[in-house]
1. Could you report the stretch 120-236's accessible area per residue, 1.4 Å probe, as an integer in Å²?
2. Mind running the shape call on the stretch 95-147? Use the C-alpha gyration tensor, a ≥ b ≥ c as the square roots of the eigenvalues: rounded below 1.5 for a/c, prolate if a/b tops b/c, oblate otherwise.
3. What's the extension gain from Asn117 to Arg88 if we count 0.36 nm per residue and subtract their Cα-Cα distance?
4. Can you show me the helix-derived [θ] at 222 nm for the chain, built from DSSP H runs with n ≥ 4 at -39,500 (n - 2.57) apiece and divided by the number of residues, rounded to the nearest 500.
5. If I compute solvent accessible area with a 1.4 Å probe over the protein chains, what percent of it on the chain is carbon and sulfur?
6. If one puts a single equal scatterer on every Cα of the stretch 63-152 and applies the Debye formula without solvent, what log₁₀ I(q)/I(0) results at q = 0.12, 0.19, 0.21 Å⁻¹?
7. Hey, which aspartates and glutamates would be in cross-link range of Lys20, C-alpha to C-alpha under 14 Å, not counting anything within fewer than 8 residues on its own chain?
8. Straight distance only, please: which lysines reach the Cα of Lys183 with their own Cα at less than 30 Å, same-chain residues fewer than 8 apart left out?
Amino acid sequence: MPPELQPIIDEPALLLKEKKLLVIADLHIGIESELRENGLQVPSQTSIMEQRLISILTTYTIHDIILLGDIKHNIPSSTIQERTDVNRFLSTIQTYGTLHVLPGNHDGNIDRLLTPNIQLHPSDGFVFEGIGFTHGHRRPNKEVMQCEQVIIGHTHPTVMLTDRLGYRTFEQCWLRSAPLSDKLIEKYPTSPTSQILVMPAFNPLCGGIAVNRDPLLGPFRSLMDIDNAEIYLLDGSSLGKVKDIKESS
């Protein structure tokens, strides 16, 4: 990846060191209530995610923090506990830098949970320090696609690994792709975008899409050259291109 883009080893978090910027995506605060409804008893991840994030923020010099969508989980309405947890989480994290919230498809009425000091951006994306950011659930605006680099979440990318006995495991991953030039020109004729980076989910309970087996979610699926996209695990290991480890049909 370009030197200014530094995924933090063993964390689904992106550091832009020169800009003193940290980016995370897909916290899905409150997902535990849905899991409990399906018979899975799991402890809340909110305080765990908060401490993980604070550890990162205190390790690096950070001025700005971007939450790249799906801060909360339940739609169309939220539980009282979820609203309390989201508000407490955001109030704590904003003390470590300027907090930017970009709504995802799970973030209806997120504005009601924000304090005046938190910057709320349009759900079709915004540009920060020359880089385009959008959650990935809807078509990005033209300003985002006038950036050479675009960063998205939403898909929760994982890679499916199969051992010699046929046992499958799924590992969170980063996905770096060039756009399909014909599709890019068709939808954004003057776009200079040369790289799209898909971030893994910050919440480990989210599950995800196995990029070497299943199609991505959202409109970026048709814009990205998925077969030639590069896969990186959270520990920094490169697995090569999607097409090289794609599941046989």
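The values are calculated or read from the model by the stated rules, or taken from the named source; none is laboratory data. Note that this is a predicted model, so its numbers are computed, not measured. Quick reminder, even Gly has a Cβ in these numbers, built from the backbone with ideal geometry, and neighbours come from all protein chains shown. Accessible surface is based on the protein model in full, side chains and every heavy atom, while ligands, DNA and RNA are left aside. Shrake-Rupley method; radii C 1.70, N 1.55, O 1.52, S 1.80 Å.
1. 44 Å²
2. It is oblate, given that a/c is not under 1.5 and a/b is not larger than b/c.
3. Answer, rounded to one decimal: 9.0 nm.
4. Using -39500 (n - 2.57) per qualifying helix, the result is -5000 deg cm²/dmol.
5. 49 percent
6. -0.36, -0.85, -1.00
7. Cα-Cα hits under 14 Å: Glu4, Asp64, Glu129.
8. Lys142, Lys241, Lys243, Lys246
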